[in-house]
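Heads up: the structure comes next, in structure tokens.
The values are calculated or read from the model by the stated rules, or taken from the named source; none is laboratory data. Please read these numbers as outputs of a predicted model, since none were measured by experiment. Here the Cβ positions follow ideal geometry from the backbone for every residue, glycine too, while neighbour counts run over all protein chains shown. Calculation scope for accessible area: heavy atoms of the full protein, side chains included, ligands and nucleic acids excluded. Shrake-Rupley method; radii C 1.70, N 1.55, O 1.52, S 1.80 Å.
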Amino acid sequence: MRVTHLSLSDFRNYCEAEVPFTRGLNLIVGRNGQGKTNLVEAIAYFSNLGSHRVTGDSAMIRAGATTAIVRMKAAVEERDVLLEVQLNREKANRAQVNKNGVRPRELTRWFSCVVFAPEDLALVKGDPSIRRRFLDEAVAARNPVFAGVLADYERVVRQRTTLLKTARSHTAAGSVEATLSVWDDQLVDLGVRIMAARRSLVRVLGSPLASGYASIVEHDHRPQISLIESVTQTLKRRSVSRETSNDSTSLEADVSRETLELQFREALANVRRQELDRGVTLVGPHRDDALFELNALPVKGYASHGESWSFALALRLSLAKLLREESPSGDPVIILDDVFAELDARRRAALMTEVSAFEQVIVTAAVEGDVPEGKWHRVRIEAGAVQEIGNDGDLASGVEVNFV
């Protein structure tokens, strides 16, 4: 699949913008602060209904506006599709596919991309929530139906947690406990589906992660990814001491859904008193983490800056290769957002070699010299205008854009 055209209205610092893209290599170049990342952020929104820079949608609406509109033409299996999303400050977002109204989550069924960005360093150095987001976005990219499962699970956690907080009132404790079992059923049902999907993802990412890391670093540092699940950890704390327990979940053997459900329910029973005392849902995928390792040591705390960067890049690359192999719609679009500035010349060349085989690659850069040579379709952003430039470097056309 590939992007053929992007239209923006009141998105970030753009009042209006029209930007064409081609098959193959696309370069968005311009000084920092001109809006390069805003363009790829708009494209990526159609893949996961979120930004790789912020957690909410309001920041993507231009200052002073109440609504932002993003339209994107994409070629999916040689079929032209028009995707549109309207981001609203005060009400729910709206979406269309080929001018027909759909739920926003339906957009992810039509478009897939993998974004490499400087923020990816937080995958290995940041909080567990960042790694959970990576896992869940990857799961939804493999199977868009899971976008609904994840949304439903978050809703159940919120409502169950509200009920637990109510139970802290002694007068309401009895009635709350009777109602809690209903939410437990939903929590377990949805949670087990997410746990199984994450386990499947981690299993299949192992091989492409190793090959991707080796291609970037040219050394075998034995990169590995495993899961730290709150259900498993709760049960382990009941059976063995912390000193003898292993923090990560073994994925060597498939575990049936029935077994996962039993384990989840047992873990909930073990923490019931704590949950009622604290008013918090303590067990489930929303409390899980991923463990990234090099040479059997955690990347976080042990790896160098370069090794951490290489692991993050290899992780994104492994996901891109997996989606390429599994998706009936063809390659995901590869987006490299200001990544080359963070890499030395050898890693730049290695990463470029890995991604060049994909149907479409979109790169942002402040300095053209940071980008490896290639047959690039250039879009230059400079002095308040988006300018399309031919491969020979001559100015081909310009579309005025008002910056605020």
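The table below lists the values:
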read-out	value
Residue in region 96-114 that is open to solvent by 50 Å² or more (accessible area, probe 1.4 Å), at positive phi and among the polar types (S, T, N, Q) present	yes
Residue check for Q186: touching a helix residue (DSSP H, G or I) at 6+ places or on another chain (Cβ under 6 Å), in a helix (DSSP H, G or I) and of a type in the set (S, T, N, Q)	yes
Meets criteria (over 18 Å from P118 (Cα atoms) and touching a Pro at 6+ places or on another chain (Cβ under 8 Å)) for F358	yes
Boolean, R316 is within 24 Å of A44 (Cα to Cα), open to solvent by less than 60 Å² (accessible area, probe 1.4 Å) and not in a strand (DSSP E or B)	yes
Residue under evaluation E252, criteria (1) charged (D, E, K, R); (2) open to solvent by 90 Å² or more (accessible area, probe 1.4 Å); (3) over 27 Å from the mean Cα position of the chain (by Cα); (4) modelled with pLDDT under 95, criterion not met	(3)
I28 vs. criteria of a type in the set (V, I, T), crowded, with 17+ Cβ neighbours inside 10 Å, more than 18 Å from the chain's Cα centre (by Cα) and not in a loop (DSSP other than H, G, I, E, B)	yes
Where a residue in region 170-183 is at pLDDT below 90 and its partner, wherever it lies, is open to solvent by 60 Å² or more (accessible area, probe 1.4 Å), with Cβ under 7 Å and at least six apart	A172/T166; V176/T166
Among (1) more than 24 Å from L313 (Cβ to Cβ); (2) under 16 Å from the mean Cα position of the chain (by Cα); (3) not acidic (D, E) - the single one R160 does not satisfy	(2)
D337 vs. criteria touching a residue at least 24 places away in the same chain (Cβ under 8 Å), surrounded by 23 or more Cβ atoms within 10 Å (Cβ to Cβ) and acidic (D, E)	yes
Long-range neighbours under 7 Å by Cβ, at least six apart or interchain, first residue within 15 Å of V176 (Cα to Cα) within region 269-291, second modelled with pLDDT of 95 or more and open to solvent by 10 Å² or more (accessible area, probe 1.4 Å)	Q274/L282; E275/L282; T281/V157
